[in-house]
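Undergrad: Here's a structure for you.
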Amino acid sequence: SNVSHEIGSPLTSIIGFAKALKDENLDREQQDRYLAIIETECIRLSRLSDNLMKLAVLDSERHPFHPSPYRLDKQLISLILACEPQWEAKKIEMTVEVDIVEINADEDLMGQVWVNLLHNAIKFTPQGGSISVSLSVNGDQAVICIADTGQGINEQDQQRIFERFYKADQSRARSAGGSGLGLSIAYKITEMHTGSISVSSKVGEGTVFTVMLPLRQKVMKGSSNCEMYTGTVS
């Protein structure tokens, strides 16, 4: 039912505006506006298809899962910089504070987690807001926090935020092109790595997503053989 709804809504828009384009009396401005809507809805369908495929593969027992040691701090910084055009366009202040941490995980899959969380933070942070990303060590776990200054999520929605197709704000999610699958994918991948993902939020004050992953080995914070990056990415 959820899949049918998510596919049917953009298809209805595409069909409607495609028919409208047949009107010979439309001026160029109207044509461009209708074409832009069709393009947006096609992109939404493409993302939905990609996410459904990812979930199907993750749910499959034949899913390729290849954990190996890698530097989590380097991955986070690389992905944050890759998102720079998006957060720079909204004049968002991006603050990063990461310890050097090595984990044993599937780097490609974990990359999908960080991309989903970062894109969500950027999407729902207002113009001129701020996002902070931190990576630290707590006992035998790596702790990653991605915090934004968006409008926040109410307590009732927080309990269902990781459900497939669930959208905390239906109108806002639709205008932003969301399908309610990004957080489900992040949850599934984190679960596969015997980790956890949680959300803490207050309406009007922002949201913090916290991911905890088992370490490959313990990292001594602040010691001479453990570097740390702290600063504002620019």
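The values are calculated or read from the model by the stated rules, or taken from the named source; none is laboratory data. Because the structure is a prediction, the values reported are computed rather than measured. Glycine also receives a Cβ, built like all others from the backbone with ideal geometry; neighbour counts cover every protein chain displayed. Only protein heavy atoms, including side chains, enter the accessible area calculation; ligands, DNA and RNA are left aside. Shrake-Rupley method; radii C 1.70, N 1.55, O 1.52, S 1.80 Å.
Undergrad: In the full protein assembly as shown, how much of R47 is accessible to a 1.4 Å probe, in Å² to the nearest 10?
TA: Accessible area of R47: about 130 Å².
Undergrad: Would you mind checking which residues have amide H under 5 Å from I92's amide H? H placed 1.01 Å from N; only 5 or more apart, or other chain.
TA: Answer set, sorted by chain and number: G128.
Undergrad: Let me ask another. Quick one: what are the phi-derived ³J(HN,Hα) couplings along the range 105-119, Karplus 6.51/-1.76/1.60 with θ = phi - 60°, whole Hz, x for glycine and proline?
TA: For the range 105-119, the Karplus curve yields 7, 7, 4, 5, 5, 5, x, 5, 4, 5, 4, 4, 5, 5, 5 Hz.
Undergrad: Now for a different question. Can you tell me the FRET efficiency between E155 and R71 if r is taken as the Cβ-Cβ distance and R0 is 30 Å, rounded to the nearest 0.05?
TA: 0.25
Undergrad: Return the long-range amide H neighbours of I103 (sequence gap of 5 or more, or a different chain), with a cut-off of under 5 Å between placed amide H atoms.
TA: Amide H to amide H, under 5 Å and 5 or more residues apart or across chains, I103 pairs with Y70, L72, R216.
Undergrad: Separation between the I15 and L35 pseudo-spin-labels, each 7 Å from Cα along Cα→Cβ, expressed in nm?
TA: 2.4 nm
Undergrad: List the pairs from K22/K54; K19/K91; K74/K188; K54/K202; K123/K202; K19/K123 whose alpha-carbon separation is above 27 Å, in the order I gave them.
TA: K22/K54; K19/K91; K54/K202; K19/K123
Undergrad: Let me ask you something else. Which order do K188, K22, K91 take by accessible area at a 1.4 Å probe, largest first?
TA: Putting K188, K22, K91 in descending order of accessible area: K22, K91, K188.
Undergrad: Moving on to the next point. When the Karplus curve 6.51 cos²θ - 1.76 cosθ + 1.60 is applied with θ = phi - 60°, which whole-Hz ³J(HN,Hα) does each residue of the range 186-199 get, with x for Gly and Pro?
TA: Result, rounded to whole Hz: 4, 5, 4, 5, 4, 4, 4, 9, 6, x, 9, 9, 9, 10.
Undergrad: Hey, with R₀ at 41 Å, roughly what FRET efficiency would T95 and L26 work out to, going by the Cβ-Cβ distance, to 0.05? Write down the numbers at each step before the final one.
TA: Working: r = 47 Å, r/R0 = 1.15.
Here the calculated transfer efficiency is 0.30.
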